[in-house]
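**Q** This is the structure, below, for whatever I ask next.
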Amino acid sequence: MDSSTRHDETDHVLVSRFIRTHDEATFRALYCRHTPALYPLALRLAGSSEAEAQDAIQDTWIRACKTLSAFEWRSSLRTWLTGILINRLREMSREFRRRNEEELPEETFNPLNIQQGERIDLEQAIARLPSGYRYVLILHDVEGYTHEEIGARLEISVGTSKSQLHHARRVLREMFSEVRQQ
C-alpha cells in the first residue's frame, strides 16, 4: 500500500469520526494533516498577505466542516480543501476590488515600479503580480495543475489560463531584468 492510499484511508477515518462526533480532537487531527500544505498556497495566492492567508484558511475550514458530510471522495480531501481555499481567496479578492473601486483594472497594472537599489526575491515578485496572473502561475508552476484543471478551478478557459501564465512569466522576467540592470 503506497503512502497516498494510507493518507486517504486515514482521512476517511477522521472524516467519518468528525461527521459522527464533531469533536475537537478529530478536527485538530484533520487541521494538522492538511493546513501545513494549504497555508503556503494561501500565502502565495494572497500576495504574501499573512492576515489574508490566515483568514482564508480559517474560512476554508469553517466551510469544509459545514459541508464535510456531503464530500463524495471523487478527489482527495486535500484537493477538495484546496478548491475551497482557492474559491475563498477569489471571493476575498473580488470583495477587496469592490471596496476599492478606484483601483486600476488589472490590464493597466504596471509591476515595474522597483526603486533604485531595491532587491526583490521571487516570492515578492509573485506577490506583485495581478491576481489573475498570480493564481495561474502558482497553480501551474508551483502546484502542478494542468491548464484544464486550472480552467475548471478558476472558471476560465484553457486559453485564458495559458495566456495568463505567459503574461505572468513575461512580467516576472521583466521585473528581474530591471533589477539586474540597476
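**Q** Suppose we filter segment 69-89 for residues that are basic (K, R) and more than 15 Å from L38 (Cβ to Cβ); how many remain? Lay out the reasoning, then the answer.
**A** Of all residues in segment 69-89, those basic (K, R) come to 74, 78, 88.
Subset that is more than 15 Å from L38 (Cβ to Cβ): 74.
Number of matching residues: 1.
**Q** While we're on this one: Against the definition (surrounded by 12 or more Cβ atoms within 10 Å (Cβ to Cβ), assigned to a helix (DSSP H, G or I) and at pLDDT below 95), how does T10 come out, yes or no? Walk me through it before giving the result.
**A** On the way: surrounded by 12 or more Cβ atoms within 10 Å (Cβ to Cβ): yes; assigned to a helix (DSSP H, G or I): yes; at pLDDT below 95: yes.
Yes.
**Q** If you don't mind, another one. Looking only at residues in segment 40-87 that are crowded, with 16+ Cβ neighbours inside 10 Å and among the aromatic types (F, W, Y), which one is farthest from the chain's Cα centre (by Cα)?
**A** Ranking the candidates gives W61 first.
**Q** Taking the condition of being assigned to a helix (DSSP H, G or I), surrounded by fewer than 23 Cβ atoms within 10 Å (Cβ to Cβ) and not charged (D, E, K, R), how many residues in segment 138-148 meet it?
**A** Just the residues of segment 138-148 that are assigned to a helix (DSSP H, G or I), to begin with: 138-142, 147-148.
In the following step, the residues that additionally are surrounded by fewer than 23 Cβ atoms within 10 Å (Cβ to Cβ) were identified as 138, 140-142, 147-148.
Still in the list and also not charged (D, E, K, R): 138, 140, 142, 147.
Final tally of qualifying residues: 4.
**Q** Do we find that A51 is out of contact with any Ser or Thr (no Cβ under 9 Å at 6 or more places or on another chain) and without any contact (Cβ under 8 Å) to a residue 12 or more places away in the chain in this structure?
**A** Values: out of contact with any Ser or Thr (no Cβ under 9 Å at 6 or more places or on another chain): yes; without any contact (Cβ under 8 Å) to a residue 12 or more places away in the chain: yes.
Against the criterion (out of contact with any Ser or Thr (no Cβ under 9 Å at 6 or more places or on another chain) and without any contact (Cβ under 8 Å) to a residue 12 or more places away in the chain), A51 qualifies.
**Q** Report, by residue number, each residue of segment 8-39 that is in contact (Cβ under 8 Å) with a residue 40 or more places away in the chain and within 14 Å of the chain's Cα centre (by Cα).
**A** Across segment 8-39, the qualifying residues are H34, A37, L38.
The values are calculated or read from the model by the stated rules, or taken from the named source; none is laboratory data. All values reported here derive from a predicted model rather than from experimental measurement. Please note: Cβ atoms are built from the backbone with ideal geometry, for glycine as well, and neighbour counts cover all protein chains shown.
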